[in-house]
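Asks: Below is the structure I would like to discuss, written out as structure tokens.
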Amino acid sequence: MVKPRRISDFKPTFTNLAQTSHYQLTFGGLPLGLRQHLNVRGLDYRFLTETSGLLCNRAVLPGSANAIANIRGNYTGVIENMSHARIFTEASLEFYVDKEYKTLKFFEHWMEYISGQSDADPVNDAYHFKMAYPEEYKSNDTRIVKFEADHFQFLEYRFVGLFPIALNSTRVSYQNSQVLKATCSFSFDRYICGESSSLARALGLDLNNRSRRKTSNGTINYNDAGGLNEVMDGIALLNRDTVYQFGPGGVRTGSENTRGVPQVPFAPPYTR
């Protein structure tokens, strides 16, 4: 039943809407051979994993669709639709081009590596392309994180099997100078919505879980201040290669006995 409502009833909803300008892109999980191929062309590891993502001025949160099949005959006169596969759309990202043209070199040489496994000289008229194996050029740890201005609410997407399929032509002109931009389209096998790191899985907050979920490590609630303080007390968890484990007192890290063999039989060590 429709009834009159006051503006104050809707204000909390419409004043807490997500904004489009807060996001972070990180390229990770690039195979060793690809990284070496890019490194000799002046693209260091920091640019690949950090700077390139900062130069992304326009991104998209990935989408997907269920492919369906029509089933006839189960019920007279009824056509049923059933899902048989999940389809992932391509992702198109736009980047600012730096003065050293590293952005263009990144995607140009990534695509070159995919199709340039031939031993022939590229300047020869008879040059031919030879494709690399998928595991040699796909990224399994590229992430885009959508967050808000308070940096507390966020949504993470992790791409599995991502690689560039098209680098659009970049227009230049003698007219008024503008920032040069490059657009690259990526294909990927699938994505994971929510945190998926080993730390997130161990703490029970992976895949957007925010409830009191029973895990092999115990029950931890990260919706209250106590749970958050428990994590913040172990600030070393934010560092790579830090070993930590769960015990009767919660997360333990930062001492010698938590960096070696676990002291609690049911609590195996985890490394971020």
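Asks: Is it true that Lys130 is out of contact with any Phe, Trp or Tyr (no Cβ under 6 Å at 6 or more places or on another chain), free of Cβ contacts under 8 Å to residues at least 12 places away in the same chain and in the same structural domain as Ser185 (by TED's automatic domain parsing)?
Replies: Here the answer is no, as Lys130 does not meet what is asked.
Asks: Checking the condition in contact with a Cys (Cβ under 6 Å, 6 or more places away or on another chain) and assigned by TED's automatic domain parsing to the domain that holds Gln178, which residue from Phe106, Phe95, Phe27, Phe88 passes?
Replies: After ruling out the rest, the residue left standing is Phe95.
Asks: In region 43-60, how many are exposed (fewer than 13 other Cβ atoms within 10 Å of the Cβ) and not charged (D, E, K, R)?
Replies: Summing the residues that are exposed (fewer than 13 other Cβ atoms within 10 Å of the Cβ) and not charged (D, E, K, R) in region 43-60 gives 2.
Asks: Quick one: in region 20-68, which of the residues that are without any contact (Cβ under 8 Å) to a residue 24 or more places away in the chain and part of a strand (DSSP E or B) is farthest from Glu156 (Cα to Cα)?
Replies: Checked region 20-68; the qualifying residue farthest from Glu156 (Cα to Cα) is Ile68.
Asks: Of all residues in region 72-100, how many are loosely packed, with under 13 Cβ neighbours inside 10 Å and in a strand (DSSP E or B)?
Replies: We begin by selecting, within region 72-100, every residue loosely packed, with under 13 Cβ neighbours inside 10 Å; these are 72-87, 89, 99-100.
With the extra rule that they be in a strand (DSSP E or B), the set shrinks to 72, 79-87.
Total satisfying the criteria: 10.
Asks: For Tyr113, are the conditions met, namely being aromatic (Phe, Trp, Tyr), surrounded by 10 or more Cβ atoms within 10 Å (Cβ to Cβ) and in contact (Cβ under 8 Å) with a residue 12 or more places away in the chain?
Replies: Yes: the conditions hold for Tyr113.
Asks: Could we say that Glu108 is more than 16 Å from Arg41 (Cβ to Cβ) and either acidic (Asp, Glu) or modelled with pLDDT under 95 (or both) here?
Replies: no
The values are calculated or read from the model by the stated rules, or taken from the named source; none is laboratory data. This structure is a prediction, so every number in the text was calculated from the model and none was measured. Virtual Cβ from ideal backbone geometry, glycine too; neighbours counted across all protein chains shown.
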